[in-house]
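Report on one structure; see the data block that follows.
The values are calculated or read from the model by the stated rules, or taken from the named source; none is laboratory data. Everything numeric in this text was worked out from a predicted model, so none of it was measured. Positions of Cβ are backbone-derived with ideal geometry, glycine not excepted, and every protein chain shown enters the neighbour counts. For accessibility, only protein heavy atoms count, side chains too; no ligands or nucleic acids. Shrake-Rupley method; radii C 1.70, N 1.55, O 1.52, S 1.80 Å.
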Amino acid sequence: TEIVESCSGNYACSEATREYGSIGLITGSCVGNFSCYYLAQGGGYITEVVDSCLGDDACLAAALYYGTIGLITRSCVGHGACGRAAHDSGNIAEIVLSCSKDYACEEAAGNYGVIGSISRSCVGHGACFLAAYDGGNITEIVESCFGSRACEEAAGNHGTIGSIHRSCVGNSSCYYLAHDGGHVTEVVDSCIGTDSCYHAAGHNGSIGMIDRSCLEENACDNAFYSNSGNISNACQGIQSCRWAGYDAGKKIWTTDPFEIEYCCNSNFACENVTAANLPSTCGPEPSSQSSSQPSSQPSSQPSSQPSSQPSSQQSSQPSSRPSSQPSSSSQPSSQVSIIEIRNFQSFSFHNKEACDLPDVDYCTFLSGLKAEIIAFCVGATECEAEDLLGCGRLVTCDESLNGSTALRRRTQQTGSWMFNYDLVTRIICLSKGCVSREDQDNANAVAESIADTFRTAVASGSFASALSNNQYIQSVLSAEILRCLTVWGTAVEPSFTTIGPAGAQVVANVNSTMIHPYYPDWTDSLGTCKNDGNEPFYMKIVPSWYLFDALEECCDEYYSGWNKALCMNSKGSGMWFVEYITGKCRTDCEEGNGVTCGGLANPMSGDLFADPKDCCETKLYWRNSDFCEADSIELDCYCGTGKYYRGATSCVKDCDASCATGGDETCGGIVETADMELYDSASACCTEHFDWIANELCSARSDRMSIDKFWPDQSNSKCVRDNETQVEDLSVSIYDTAEACCTAHIGWESLSKCIADTDGVTAQGTGHYYVDWNKKKCVKDCEGVECGGIAKPWNIVYESAGSCCDQLSGVKREDCF
């Protein structure tokens, strides 16, 4: 019916239901190379694949050969992860937010396979390469195929695609799309990138319509080679529609059913198309003669020669280069602009004790914390740590670094162990309004230096070491806590504000480099937005689609529901995600930046957690959460919880004996799995698991102790104190007194003798007489000379020898005693 958070490891679920098998749901599973290889191959059926198939070739050929998959969502992450998933007449109803990494869905429904819809998927080089190749059928591709050659030959070799909308973004992204007899009904707002639809319907292929598409150089070069169709509002790049409908020397057809509208507006965009062939809506080829009238639009290229006359209007933009002549003003500018840089950082402690400190001690702790935080401002002349909040506590402190504190209350919502703050520094600009590139580069350099210093300090452990050695922190936390202090955290993208002199009103709010807009980065497939000024040409043509003033706006548009946390920080969100292969939770940060970093999280997964324990409890629930947490943060001084669990003969502690000086005999080893239940006390554990043992005795043995109680030693006809000789058979009964023990279990001895033997003294007896039937004489009830030993419980004792001898009929009186 379902596979849930399973199949971790190479080939783990390979061929699990091969040949007409059926699986309802696969979720959080198939992690590892080839982990679900041939999963339902040969007529198999899978209803839904969710958050699964993570790893190279993880679901390769999962439903190959007449297999069926209903829905694939947030899955198939890894090189070739869902390659040939429903190949060879297979059927996939829908692929959503999936197929991330190179060739992730290569030939997913090839060889007469069928895919209903591909939506927001196929991110990476060749991600949907040959998706429905060789007679396959794809109903629609929506907001997908981002990356070079992402949908190359997707419907090639007589394949069919219904519609492509807002897709195929990247160089050669729809290269040979329906080549060799393939058919695409319509391409809308798509095919954006150099050679993006090159030869898309070549060699007997056909495309019904291309609209608002083909916006880069050579975008539709040969797109309609030898076939008809419509192009409108397209072909905006150099040579973008060159040879688009060329056939054996003919020009592009200008009669129905083929039309070109609002096209050919760039140099050579429709090469080999004469003006007579073009409708009036199309722009002509550039003339070799200068116009008699100036253009109403500025040139797309700057002139190589300066004008001989100065401009009659002042420029609204500053010069990109400084003047070679000094200013004639005798006074410096009265306006000084400043860029305020705000670096938001957060980190967490493994040790919760810091959060449990009394208010005054907590404020002392924050004083030490702030001193170490400010040290991250390397090279900055002014630095403040603002809004330092943590531990989920309502108390914060107005403080100075001399330790004096004044408490006040303020509500805030950080995580229970997490500390958040802003590191704020300022630089003086060289230009008014801080508009020069040098000012912006300086601001970015300072911000990046602060962030890198923080990341390095966390990754190397030097931040934890600095906290452990801070005198304020040492005064409120024990040496044992500081010895095991572990810290993890992240620094997100900085924000910048341009302000006027000395408290003047804010004149501009800007983000990052403050000069370039943010755009979705589909080239590197990192699941984030960039503002490095390298946005592709087609994004500049339609900026309302792709360009944003703020990082968060871009993330909300293109990465909401995928991984906004990662989008907001390209170097990792600092949150935690599960790594099923290792059975740990790892930090979302680039590998090598700290022992807990597991690389950048899957950009299509929303399963990120604020701390490792939440991640462990949710995603690795079969592991003991405390051990999983310690294992995830690489804590080398984790000694267990100290709680109790069932051992072989009694309960034992969840601890490592090597942690204690001289060892700890109560330790049974560290519990790693959640199926071993832990108890706060030995008594609770014994009640649950050793109910045939006296609870007090079981509890004592669990702590490797004895008790001051008695147990019956029947082989020696006495009772024994446990604190003198420990009982080995823990199922025996124990008693508060020797008398109770003797009465209950040593019935063949007299009570006095049992008690005496228990106490290690000679029994006195009554001094009276009883019949020794073996000797047929009366003997005295005593130990020693002229004694017959202590009478047994079944012996009748007589006060006089005569009374005893009367019981021996036929025995002479002189022979009786």
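For residue 150, state whether it is assigned to a loop (DSSP other than H, G, I, E, B), buried (at least 24 other Cβ atoms within 10 Å of the Cβ) and touching a Leu at 6+ places or on another chain (Cβ under 7 Å). Answer is no for this residue. With respect to the conditions (1) open to solvent by less than 60 Å² (accessible area, probe 1.4 Å); (2) farther than 19 Å from residue 589 by Cβ; (3) at pLDDT below 75, residue 503 falls short on a single one, namely (1).
Exactly one residue out of 50, 77 is over 13 Å from residue 33 (Cα atoms), in contact with a strand residue (DSSP E or B) (Cβ under 9 Å, 6 or more places away or on another chain) and not small (Gly, Ala, Ser), and it is 50. When restricted to residues that are surrounded by fewer than 24 Cβ atoms within 10 Å (Cβ to Cβ), outside any loop (DSSP other than H, G, I, E, B) and within 25 Å of the chain's Cα centre (by Cα), region 100-124 contains 1.
What about residue 449, is it in contact (Cβ under 8 Å) with a residue 24 or more places away in the chain and surrounded by 15 or more Cβ atoms within 10 Å (Cβ to Cβ)?
Numbers: in contact (Cβ under 8 Å) with a residue 24 or more places away in the chain: yes; surrounded by 15 or more Cβ atoms within 10 Å (Cβ to Cβ): yes.
Here the answer is yes, as residue 449 does meet what is asked.
In the condition set (1) within 30 Å of residue 630 (Cα to Cα); (2) at pLDDT 80 or above, residue 493 is compliant with all but (2).
Counting the residues of region 153-196 that are of a type outside the set (Gly, Ala, Ser), modelled with pLDDT under 85, part of a loop (DSSP other than H, G, I, E, B) and within 37 Å of the chain's Cα centre (by Cα) gives 10. Of the helices (runs of 4 or more DSSP H) that lie entirely inside region 421-481, those containing 2 or more residues that are under 33 Å from the mean Cα position of the chain (by Cα), within 13 Å of residue 377 (Cα to Cα) and of a type in the set (A, V, I, L, M) span 437-460.
This table checks each residue for (1) in contact with an Asp or Glu (Cβ under 7 Å, 6 or more places away or on another chain); (2) within 21 Å of residue 14 (Cα to Cα).
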position: 83; (1), (2): yes, yes
position: 92; (1), (2): no, yes
position: 95; (1), (2): no, no
position: 104; (1), (2): no, yes
position: 111; (1), (2): yes, no
position: 115; (1), (2): no, no
position: 120; (1), (2): yes, no
position: 134; (1), (2): no, no
position: 137; (1), (2): no, no
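Residue count for region 126-147 satisfying the condition of being of a type outside the set (Asp, Glu), surrounded by fewer than 21 Cβ atoms within 10 Å (Cβ to Cβ) and farther than 19 Å from residue 68 by Cβ: 1.
Considering region 601-715, the qualifying strands (runs of 3 or more DSSP E), each wholly inside and each with 1 or more residues that are crowded, with 16+ Cβ neighbours inside 10 Å and of a type in the set (Asp, Glu), run over 710-713.
Among the listed residues 64, 25, identify the single one that is open to solvent by 10 Å² or more (accessible area, probe 1.4 Å), more than 19 Å from residue 118 (Cα to Cα) and either without any contact (Cβ under 8 Å) to a residue 40 or more places away in the chain or touching a Pro at 6+ places or on another chain (Cβ under 9 Å) (or both).
Details: 64 fails: more than 19 Å from residue 118 (Cα to Cα).
Being open to solvent by 10 Å² or more (accessible area, probe 1.4 Å), more than 19 Å from residue 118 (Cα to Cα) and either without any contact (Cβ under 8 Å) to a residue 40 or more places away in the chain or touching a Pro at 6+ places or on another chain (Cβ under 9 Å) (or both) holds for just one of 64, 25, which is 25.
Flag set for residue 729, criterion: open to solvent by 60 Å² or more (accessible area, probe 1.4 Å), of a type in the set (Asp, Glu) and modelled with pLDDT of 85 or more. Name every residue in region 37-61 that is open to solvent by less than 30 Å² (accessible area, probe 1.4 Å) and in contact with a Phe, Trp or Tyr (Cβ under 9 Å, 6 or more places away or on another chain), in order of residue number. Listed by number, the residues that qualify are 40, 41, 42, 43, 44, 55, 58, 59, 61.
Considering only residues of region 356-370 that are open to solvent by 10 Å² or more (accessible area, probe 1.4 Å) and out of contact with any strand residue (DSSP E or B) (no Cβ under 9 Å at 6 or more places or on another chain), which is modelled with the lowest pLDDT?
We begin by selecting, within region 356-370, every residue open to solvent by 10 Å² or more (accessible area, probe 1.4 Å); these are 356-361, 364, 370.
Now drop any that are not out of contact with any strand residue (DSSP E or B) (no Cβ under 9 Å at 6 or more places or on another chain), which leaves 356-358, 361.
Details: 356: 79, 357: 82, 358: 85, 361: 86.
For region 356-370, the residue satisfying everything is 356.
Within region 749-766, the set of residues being under 16 Å from residue 709 (Cα atoms) and in contact (Cβ under 8 Å) with a residue 40 or more places away in the chain comprises 757, 758.
To keep it simple, each residue is scored yes or no on (1) surrounded by fewer than 16 Cβ atoms within 10 Å (Cβ to Cβ); (2) at pLDDT 85 or above.
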position	(1), (2)
725	yes, yes
735	no, yes
738	no, yes
752	no, no
758	no, yes
761	yes, no
786	yes, no
815	yes, no
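Of all residues in region 27-48, those that are under 14 Å from residue 72 (Cβ atoms) and over 19 Å from the mean Cα position of the chain (by Cα) total 7.
Would you tally the residues in region 422-452 being at pLDDT below 80 and of a type in the set (Ser, Thr, Tyr)?
2
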